[in-house]
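Engineer: Below is a structure I'd like to ask you about.
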Amino acid sequence: SDRCTRGLPFAGAPCYEARTPVRPLSARHEPGTTTHRLCRPSFLIIGVGKCGTSSLYYYLTEHPQVRAATQKQIQWFDHQYHAAAFESDYLRRHFPRDLRAGEITGEASPGYAAYKAVPSRVRSHLAGVRILCVVRDPAERAWSAYHYNYLSVAGTKDALPFDVLVTAELRFLERLCGLLHDAENGASAAAGTRLVDLSSECYGRHAAQTQVGAAAAAFFGSSSAQQHAKALPRANEHLWRQLVGRSLYSVYLERWFRAFGRDDLFVVCSERLATPETATHELADVAAFLGLRAFDFAAAVGKGKYNAGDAHRGYGAVTSWDRAAEIERPDMPQSARAAINAFSQPYNTRLFELAGRPRCPNWELASRAERRSLASGLPGVVSTPAAAPGDEAEASSSPRRQQQPPDHFRELLLLGSINS
């Protein structure tokens, strides 16, 4: 167990009296100030999308010492940031101001993890806050994001297949983003000798057409330009273009660990949130990391998973464990899984070096059938695990023979762009 005894963030005093200048009524009056109480969030769940951030947040808010924010996902430090408005906009609008002794509050914004500027912003305003980051097997996260962030806006009729998007993104990451996947050089790049800002300097610098256009043209052939456009929707573009990129956790968590260190950044395994039993145990470790007193999360976890499924019903929408187990999804193309596994392996290794925690169970296995067959031999995992929170279970299937990679994967293999 990773549990240890420690105090609450901000030495148990997240609230303070803030003074705000008041404009004088006229030139004859002296300027004044008004005093009001503000409370800082003691924890931030910074990511990662489709890894179970909603479940982790809502489970935590069931602890008697944790008070919820006005909303789970605020995204202030990335999309709404204005340094001068930290108190007036961020604290006053989103967090309770009547915390009692021993109580804390926090928020969960999955976009925080990936943006270069956010760690230093958080550090400058919230020195002493504790950071939680949920991670998931990279191929599984990418497959979930494909359904949730891509198919939901492109539609199944006009969408590109998962393996086509993955192939195009891997080539894009190597050719235009400078990421490597071989064991020696990939580990070196992941180790921080060259920090890469994927969101701004890679995906943000190059258009979707640059990344996926040629693959879309090859797939659709002589079909209309309108169909090509539908396959590259503007909605959720920053998410569906990063099916693999957002799954290379160490690339962006390097900055977070440099800003906060291992003592204040805790990596949570989505796979350990995948059953009521393992989730209850993982939540106990999270509570200890936050300095909360011991609490049995069984009843909170027993309600089900939050924001599960491909259709967004709200971050606080809960799906029972039994219902979640009944939801099925097609099997992931094995060629795409193998490609993501090969590319992400050195970055996964670096992630757990940074985190100082055991590797998450079941990562980088060749298929869901293999994941299930080996799960009984992995600590803290049952033999037929439910899908990770924020996702639904794939359809059960018998082990299949390894299929020949499609043409676009064979081309990359010949180019040396993907290790087999």
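The values are calculated or read from the model by the stated rules, or taken from the named source; none is laboratory data. Note that the structure is predicted; figures quoted are calculated from it, not measured. Heads up, the Cβs are rebuilt from the backbone with ideal geometry, glycines too, and the neighbour counts pull from every protein chain shown. When the accessible area is computed, the model is the full protein with side chains, heavy atoms only, and any ligands, DNA or RNA have been set aside. Shrake-Rupley method; radii C 1.70, N 1.55, O 1.52, S 1.80 Å.
Engineer: Report yes if some residue within region 78-97 is touching a residue at least 60 places away in the same chain (Cβ under 8 Å), in contact with a strand residue (DSSP E or B) (Cβ under 8 Å, 6 or more places away or on another chain) and part of a strand (DSSP E or B); otherwise report no.
Structural biologist: There is no residue in region 78-97 that is touching a residue at least 60 places away in the same chain (Cβ under 8 Å), in contact with a strand residue (DSSP E or B) (Cβ under 8 Å, 6 or more places away or on another chain) and part of a strand (DSSP E or B).
Engineer: Looking only at residues in region 104-124 that are among the small types (Gly, Ala, Ser) and closer than 15 Å to VAL48 by Cα, which one is surrounded by the fewest Cβ atoms within 10 Å (Cβ to Cβ)?
Structural biologist: GLY111
Engineer: Of all residues in region 283-318, which are touching a residue at least 40 places away in the same chain (Cβ under 8 Å) and over 20 Å from PHE266 (Cβ atoms)?
Structural biologist: ALA299, LYS305, ASN307, ALA308, GLY309, ASP310, ALA311, HIS312, TYR315, GLY316, VAL318
Engineer: Tell me, which residue of region 220-243 that is among the basic types (Lys, Arg) and open to solvent by 40 Å² or more (accessible area, probe 1.4 Å) is modelled with the highest pLDDT?
Structural biologist: ARG234
Engineer: Now a separate question. Looking only at region 306-334, which residues are in contact with a Lys or Arg (Cβ under 9 Å, 6 or more places away or on another chain) and not charged (D, E, K, R)?
Structural biologist: Scanning region 306-334 gives TYR306, ASN307, ALA308, TYR315, GLY316, VAL318, THR319, SER320, TRP321, ALA324, MET332, GLN334.
Engineer: List pairs: first in region 229-244 and in contact (Cβ under 8 Å) with a residue 12 or more places away in the chain, second part of a loop (DSSP other than H, G, I, E, B), Cβ under 6 Å, 6+ apart or cross-chain?
Structural biologist: ALA231/LEU160
Engineer: Find the helices (runs of 4 or more DSSP H) located wholly in region 116-169 whose residues include 3 or more that are touching a Phe, Trp or Tyr at 6+ places or on another chain (Cβ under 6 Å) and in contact (Cβ under 8 Å) with a residue 24 or more places away in the chain, and list them.
Structural biologist: Helices (runs of 4 or more DSSP H) meeting the threshold: 118-125.
Engineer: I want to confirm something. Restricting to region 51-93 and keeping residues that are open to solvent by 60 Å² or more (accessible area, probe 1.4 Å) and acidic (Asp, Glu), which single residue is farthest from the chain's Cα centre (by Cα)?
Structural biologist: GLU87
Engineer: Oh, and also: From the residues in region 224-249 that are within 11 Å of ALA154 (Cβ to Cβ) and of a type in the set (A, V, I, L, M), which one is nearest to the chain's Cα centre (by Cα)?
Structural biologist: ALA235
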